[in-house]
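The values are calculated or read from the model by the stated rules, or taken from the named source; none is laboratory data. Every value quoted in this text rests on a predicted model; they were computed, and no experiment measured them. Virtual Cβ from ideal backbone geometry, glycine too; neighbours counted across all protein chains shown. Side chains included, ligands, DNA and RNA excluded: accessible areas come from the protein's heavy atoms. Shrake-Rupley method; radii C 1.70, N 1.55, O 1.52, S 1.80 Å.
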Amino acid sequence: MAGNTEGRVRFDSVGDALTHRVTVYLGGPEDGAELTMEYVATWKEASDFTVAAVHAGLAVTVDNRIRPGLRRLPRYGLRH
């Protein structure tokens, strides 16, 4: 599958399922974050990113509530 128009599981170019929504909160999720960013990712990408983000002091949540229009989690940044 190459797209997600109705909430179905998406796949990236190498066939990994994009099944997880990663939400990054700048300012903390409990106090109405100043900035919230949402991305879609594979389970491995979401896991690796979350470990790095928490280590860097960011608040992150991961769930399976993907929806059309979510941007792909950047492949570089905190993880490298």
- Output the number of the condition that residue 54 fails; it satisfies all remaining conditions of (1) touching a residue at least 24 places away in the same chain (Cβ under 8 Å); (2) open to solvent by 30 Å² or more (accessible area, probe 1.4 Å); (3) over 12 Å from the mean Cα position of the chain (by Cα); (4) under 20 Å from residue 27 (Cβ atoms). (1)
- Condition test on residue 31, is it surrounded by fewer than 14 Cβ atoms within 10 Å (Cβ to Cβ) and modelled with pLDDT of 85 or more? no
- Check off (1) at pLDDT below 60; (2) open to solvent by less than 90 Å² (accessible area, probe 1.4 Å) for residue 6 and give me the number that stays unchecked. (2)
